1. Say we look at region 18-37 and pick out the residues that are surrounded by fewer than 16 Cβ atoms within 10 Å (Cβ to Cβ) and closer than 24 Å to LEU140 by Cα; which of these is farthest from the chain's Cα centre (by Cα)?
2. Which condition from (1) in a loop (DSSP other than H, G, I, E, B); (2) under 30 Å from THR124 (Cα atoms); (3) not β-branched (Val, Ile, Thr) is the one that GLY49 breaks?
3. Any chance region 57-68 includes a residue that's touching a residue at least 40 places away in the same chain (Cβ under 8 Å) and either open to solvent by 40 Å² or more (accessible area, probe 1.4 Å) or in a helix (DSSP H, G or I) (or both)?
4. If I go through region 143-153 residue by residue, how many of them are open to solvent by 60 Å² or more (accessible area, probe 1.4 Å) and either among the acidic types (Asp, Glu) or within 13 Å of ILE126 (Cα to Cα) (or both)?
5. Hey, TRP43 hits all of (1) in contact with a Leu (Cβ under 8 Å, 6 or more places away or on another chain); (2) at pLDDT below 90; (3) of a type outside the set (Val, Ile, Thr) but one; which does it fall short on?
6. Kindly establish whether VAL1 is open to solvent by 40 Å² or more (accessible area, probe 1.4 Å), closer than 23 Å to LEU144 by Cα, touching a helix residue (DSSP H, G or I) at 6+ places or on another chain (Cβ under 9 Å) and of a type in the set (A, V, I, L, M).
7. Counting only residues that are assigned to a loop (DSSP other than H, G, I, E, B) and not β-branched (Val, Ile, Thr), how many does region 23-46 have?
8. Name the pairs whose Cβ atoms lie under 9 Å apart, with the first residue in region 82-101 and open to solvent by 60 Å² or more (accessible area, probe 1.4 Å), the second hydrophobic (A, V, I, L, M, F, W, C), and 6 or more positions between them or separate chains?
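The values are calculated or read from the model by the stated rules, or taken from the named source; none is laboratory data. Only a predicted model underlies this, so the values are computations on that prediction, with no experimental measurement involved. A quick note on method: Cβ atoms are made from the backbone with ideal geometry, for glycine too, and the neighbour counts reach across all protein chains shown. Just the protein is used for accessible areas: all its heavy atoms, side chains included, with ligands, DNA and RNA removed. Shrake-Rupley method; radii C 1.70, N 1.55, O 1.52, S 1.80 Å.
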Amino acid sequence: VAHRFLDHVHALKAELSPTCFAQPDLDLLLPHEDQKSRRTGLWTCGICGKKFKTEGYLDAHMDRKHNHTLEHAARPTCLADHCEMLRCPSWADQMRSAVSSKRQFALSCVEEQMRVRRKQCEATLIGCVADVRTDESKKLLAKLNETLCKPMQCAWRARCYAKPALSDAEREGCDPIPPGKQKGMTFGSSAMILIVLLITLVAFFIIFALCACCDDLPPTPQPRRRAANDGHARGKRRGDSADALSGAAAERSAALRNRKQAPADARTHAEHEDTHEKHRNQ
């Protein structure tokens, strides 16, 4: 409200009507908003000092624990009812999600409905001005109509909330991109990618350790298998042994024959010598 509405009111020195939704005195949740603070990425409740990761968790905490601090009768206006016109951060996040799906966006954004909402927006702005006849009021209505009511178009939303984000030239007339949305990656998505990488590394080291342990174990002895040609080899060895034995027996028989024949040969030689000697004497 301060950025999109009250800053223009103060700059043009215009006067708001007492019943305008942007009047701080009519804000139902202003006592809670004044007790919010954000430091080092955490939201702190100024009433009890508890810290929360997101503003949504802090809002839920205040609704449960500190609802008694709200003055319901004196502050009848809830600014959340005007989030579409003011383009609250939570509403903008939902719109970015819707625009990312063309089919879902085509079903949720109908130009005829947008035309009706623009008329309602213009009527709300006129009700916020104390006197529409003054120059300051006319300038204020023109400025607020340009920044709040005219963007209620399907084409404007499809262009300004597109993913990935458009260039600065293409984003002319759009809202500034909040921190963390410039590249289409939020803290949650970055954290999820980091967690996946860590899980992958841990799994890799576990598998590596198991493989190293398996390498240190002694090899399991394998049962000896009888070769298919063992019988043939044994038969061959038996044949070779039999041949060797036969050869040795043959050599012994030949030696015996030679020993038996040697005396006979000697006698025959002696008889020849005697015969030769007789002839020579004759």
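1. Taking the candidates together, the pick is PRO18.
2. (2)
3. Step one: list which residues in region 57-68 are touching a residue at least 40 places away in the same chain (Cβ under 8 Å), which gives none.
No.
4. Taking region 143-153 first, the residues open to solvent by 60 Å² or more (accessible area, probe 1.4 Å) are 143, 146, 150, 153.
Now restrict to residues that are either among the acidic types (Asp, Glu) or within 13 Å of ILE126 (Cα to Cα) (or both): 143, 146.
Count: 2.
5. It fails just one condition, (2).
6. On the way: open to solvent by 40 Å² or more (accessible area, probe 1.4 Å): yes; closer than 23 Å to LEU144 by Cα: yes; touching a helix residue (DSSP H, G or I) at 6+ places or on another chain (Cβ under 9 Å): yes; of a type in the set (A, V, I, L, M): yes.
Answer is yes for this residue.
7. Filtering region 23-46 for residues assigned to a loop (DSSP other than H, G, I, E, B) gives 23, 28-29, 34-35, 40-41, 46.
Checking the rest, the ones that are also not β-branched (Val, Ile, Thr) come to 23, 28-29, 34-35, 41, 46.
Adding up the residues that qualify gives 7.
8. Listed by first residue and then by second, the contacts come to SER90/ALA80; SER90/CYS83; SER100/ALA162.
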